[in-house]
1. Within segment 394-408, take every residue that is part of a helix (DSSP H, G or I) and in contact with a Lys or Arg (Cβ under 8 Å, 6 or more places away or on another chain) and give me the one that is most open to solvent (accessible area, probe 1.4 Å).
2. Go through segment 258-295 and count every residue that is under 19 Å from the mean Cα position of the chain (by Cα) and free of Cβ contacts under 8 Å to residues at least 40 places away in the same chain.
3. Looking at segment 305-317, which of the residues that are in contact (Cβ under 8 Å) with a residue 60 or more places away in the chain and not in a loop (DSSP other than H, G, I, E, B) is least open to solvent (accessible area, probe 1.4 Å)?
4. Consider Leu213 against the criteria (1) at pLDDT 95 or above; (2) crowded, with 16+ Cβ neighbours inside 10 Å; (3) not polar (S, T, N, Q): it satisfies all of them except one. Which criterion is unmet?
5. Just to be sure before I move on: is Leu96 of a type in the set (A, V, I, L, M, F, W, C) and either part of a strand (DSSP E or B) or surrounded by fewer than 15 Cβ atoms within 10 Å (Cβ to Cβ) (or both) in the structure I sent?
6. What strands (runs of 3 or more DSSP E) completely inside segment 437-502 contain at least 3 residues that are modelled with pLDDT of 85 or more and open to solvent by less than 20 Å² (accessible area, probe 1.4 Å)?
7. Test Gly296 against the stated conditions and say whether it is more than 30 Å from Phe507 (Cβ to Cβ), open to solvent by 10 Å² or more (accessible area, probe 1.4 Å) and not aromatic (Phe, Trp, Tyr).
8. Looking at segment 382-393, which of the residues that are in a helix (DSSP H, G or I) and open to solvent by 30 Å² or more (accessible area, probe 1.4 Å) is nearest to Val353 (Cα to Cα)?
Amino acid sequence: MTDVLMADVIVVGGGPTGLLLAAELKLAGVDPLVLEAADGAERRTRSLGLRSINTRSSQTLGLRGLTEPLLAAQWGMFDRLAADGRPDHADLVALLVSAVRQGRTRGHFSGLPLLEDTTGDPAGYIMLRQHVLEQILADHATALGVRIRTGRQVVDVTDDGTGVRAMLADGTALSAAYLVGCDGGRSTVRKRSGIAFPGTSPTMTGRTAVAELADPDALTSSFRSPGGLLNLSLVPGEIATIEFDGGPGDRDTPMTAEEMQASICRVSGEEATVTRLETGIRYSDNTRHAQTYRHGRILLAGDAAHVHSPIGGQGLNLGLQDAVNLGWKLALVVRGHAPERLLDTYTAERHPVAARVLRNTRAQVALMRPGPQTDALREVMSDVLTMPTAKRHFVEMANGLDIDYAPESAHPLVGRFMPALDPDDAGPAQALLREGRGVLLDLADSTWTHPTADGYADRVRVVRARGGSSHDPAAVLVRPDGYVAWAASHDDPADRTGLANALAAWFGSPADVTTTA
């Protein structure tokens, strides 16, 4: 057995969460190593269906300059669907593309569409295949210098208080200062670190397959029927079913054409013949939540920390937001700028967000169940979603726009995602975060802010500009993840103490002061 010090942080799992986390760590000045058990071909077989990047995740990825490649991939996919899809789906594809281009699409709640009343940002909701998203994030990470190793299965992790060791299946032991498990719902990292994962057992079985039917025109999509759900995907050849049967018995046994055929017949009530099955996956509404996201030097992110029904498409976005919340904090601790207690804010901020998502995904599954009572409830919900205030609530909930990390703050901006500021002299404020550092944006020529930020130049960029509106804050300190750490209004006196405290709380001690854990 060999034991090698390989990185500052080992990231176990090379899905979207792990890749984005590694990129954030590298951007913040530490050396991560990504270990992914599967190879590229194996991961691609699991990339069935479309993944939705919701508004908050789209805004977050935009901070790192990823909007263009994401949109290019989406429009390319839509063009291929329009050219290669079944004739009966041409109108549906056209409607979807139109709504996305207008910036009106904001997802759905248990199949009930969430559409903005007016046109908006077409980058506010992006749809992609998962393997395409992973490639974009992998390209982003490797361009920054991140090392990604596939075919590396981690079978054990240990934390000795000064570092973490990851044991690979081939007997190699790799060491790092910290380790983050981004290795999915059945996370080895979570299990070996002893973090509890309570929740509720599955009540449904979902199946998605790439398959051919003897008579593809004999079936039509039905969101709800007495037997469950049948969806003939927009992606050519993909078929999905959901049955409320208590969950799959064995998710790992390869799916057969006979299994998928039987499920289609039970759900639709029609005879169907599956002539060929290329690949298939099973999933459920198993809903569980790690009690904590950190145990010593081992942390969790993405599905390793929370699993739930995929209905509503919020799991991917939870993981991406976990990664961006954790990356800069962990980097500050690794570099010795901030104490380890900064890592406790990761669980404190992200755990309640996931808890709300788990609650609303359980509600969405309940709204899908067959029966006249649920039919009536769906009709009531459809009426509710015509009410502007209610619609706004559900759009914000489904898109992560209601997140407030500091609900008790005296200033309404603190704890919320940064507002859409456009300083006269600095360009869009969001572009200032491209480097992954925090930004202290002075919009009122308040020269006192500059000496207060002395010592943080390597972590916080100070930008002095004129604000475009008196309604804008006079000054705002934005964290690398885009959330406001401190703000001052034009009618408030200079808040040197508040700014100094915020800098110390989120970015550690100034460069000339030694930081201890």
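The values are calculated or read from the model by the stated rules, or taken from the named source; none is laboratory data. Because the structure is predicted, anything quoted here is derived from the model rather than measured. When we count neighbours, we look across all protein chains shown, and the Cβ atoms used for this are built from the backbone with ideal geometry, even at glycine. These accessible areas exclude ligands, DNA and RNA; they are computed on the full protein's heavy atoms, side chains included. Shrake-Rupley method; radii C 1.70, N 1.55, O 1.52, S 1.80 Å.
1. This residue is Met397.
2. Residues that pass the stated criteria total 0.
3. Step by step, filter segment 305-317, then rank; the result is Asn317.
4. That leaves (1) as the condition not met.
5. no
6. Here the list reads 438-442, 475-478, 484-488.
7. no
8. The selected residue is His393.
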